[in-house]
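Okay, structure first, notes after.
The values are calculated or read from the model by the stated rules, or taken from the named source; none is laboratory data. All figures in this text were calculated on a predicted structure; none of them were measured in a lab. When we count neighbours, we look across all protein chains shown, and the Cβ atoms used for this are built from the backbone with ideal geometry, even at glycine.
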Amino acid sequence: DAKEPICSSTLSKRQRKKLLKLEKWETVKKEKRRKEREKVKCKKLEAIKNGLPTRTGPSRNALKKNRAANSTKSLNIVVDLDFDDMMIPKDVAKCVKQLLRIYSINRRAKNPAQLHFAGITNGGNIHKALEKNDGYQNWDVQWSFGSILDIAKKENLVYLTSDSDEVITEMEQGTYYIIGGLVDHNHHKGYCLKRACTLGIKTARLPLNEYVEMKTRNVLSTFHVFELLLKVHEGNSWRDAIITVLPIRKGAKPIDGQSIS
């Protein structure tokens with residue numbers, strides 16, 4: 001269906017300025033993508049001309065075979081996306097960008113996790129943002145437009161939140177670890193804990209305070225929580241995984257004062 005045209009006369013000066021800025025950003029973004037595609041194409045042609053391989057990473061066939069279903073000890077991770085009404089468009093875009101990064105590193109992992117993207121509102125903001133990515137429906141991901149309670153039995157669900165009193169010491173098979181897909185935690189402190197309690201789901205926090213000292217609040221992005229869980233799943237210790245994954249801006253330092261082994 002055609003979109004209703006925006007009448008500039010009904011907008012305030014600030015709104016018009018914001019709209020123009022958004023339109024300019026969309027134009028710049030399209031041009032940037034076009035140049036990036038052209039650059040990749042030129043590099044590929046140059047490589048073919050010089051008899052060099054055109055792919056440096058794993059082949060598509062190798063990536064297709066590297067499915068979560070083939071993982072020796074499957075780790076179930078659920079990203080809760082039932083936050084459509086709590087994020088502005090900018091944060092929705094950040095959320096979907098993190099989903100792309102999560103899918104990408106999981107696809108290339110030696111022992112990938114079984115991903116569940118749940119709680120999506122059909123036709124909602126997150127759904128619309130996902131629709132901009134061609135072929136997203138074919139990702140090796142379990143999609144759910146229903147409640148996160150539909151994923152598994154309630155007793156097998158654990159909602160990860162930094163506000164929980166319980167601490168994860170090891171990850172268990174058969175347990176579904178839920179990561180909140182809410183981007184702006186600072187404006188919604190404690191919301192994921194309240195949500196889990198309302199739904200009757202057990203909660204737990206990552207053992208950040210047990211291994212490192214941080215300069216900032218110990219709230220990580222959805223992507224960093226997933227990356228940390230994946231590293232532990234692949235055999236790294238909690239300590240080394242935390243130090244490796246935490247952004248530099250968090251200023252994390254090992255409590256034992258030793259460097260990473």
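Consider the range 71-108. How many of its residues are assigned to a loop (DSSP other than H, G, I, E, B) and crowded, with 18+ Cβ neighbours inside 10 Å?
Of the residues in that region, 5 qualify.
Val167 - would you say it is more than 19 Å from the chain's Cα centre (by Cα), hydrophobic (A, V, I, L, M, F, W, C) and in the same structural domain as Lys97 (by TED's automatic domain parsing)?
Here the answer is yes, as Val167 does meet what is asked.
Which is free of Cβ contacts under 8 Å to residues at least 60 places away in the same chain and among the hydroxyl-bearing types (Ser, Thr, Tyr), of Thr175, Thr198?
That would be Thr198, the only listed residue that is free of Cβ contacts under 8 Å to residues at least 60 places away in the same chain and among the hydroxyl-bearing types (Ser, Thr, Tyr).
Report those strands (runs of 3 or more DSSP E) wholly inside the range 121-187 carrying at least 2 residues which are hydroxyl-bearing (Ser, Thr, Tyr) and at pLDDT 90 or above.
Strands (runs of 3 or more DSSP E) meeting the threshold: 176-180.
When the residues of the range 218-246 are narrowed to those that are more than 15 Å from the chain's Cα centre (by Cα) and assigned to a loop (DSSP other than H, G, I, E, B), which ends up modelled with the lowest pLDDT?
By that ranking, first place goes to Asn218.
Of all residues in the range 96-111, count the ones that are within 25 Å of Asn125 (Cα to Cα) and of a type in the set (Gly, Ala, Ser).
Of the residues in that region, 1 qualify.
What residue, of Ile88, Ile105, Ile77, is at pLDDT 80 or above and more than 28 Å from Leu199 (Cα to Cα)? I'd like the intermediate steps shown before the answer.
Numbers: Ile88 fails: more than 28 Å from Leu199 (Cα to Cα); Ile77 fails: more than 28 Å from Leu199 (Cα to Cα).
Answer to the selection: Ile105.
What are the residues in the range 208-217 that are outside any helix (DSSP H, G or I) and surrounded by 18 or more Cβ atoms within 10 Å (Cβ to Cβ), if any?
Here is the first cut: in the range 208-217, the ones outside any helix (DSSP H, G or I) are 212-217.
Val212 - this is the single residue of the range 208-217 that is outside any helix (DSSP H, G or I) and surrounded by 18 or more Cβ atoms within 10 Å (Cβ to Cβ).
Of all residues in the range 109-120, which are assigned to a loop (DSSP other than H, G, I, E, B), among the hydrophobic types (A, V, I, L, M, F, W, C) and touching a strand residue (DSSP E or B) at 6+ places or on another chain (Cβ under 9 Å)?
If the condition is that a residue be assigned to a loop (DSSP other than H, G, I, E, B), among the hydrophobic types (A, V, I, L, M, F, W, C) and touching a strand residue (DSSP E or B) at 6+ places or on another chain (Cβ under 9 Å), then Ala113, Ile120 are the ones that fit.
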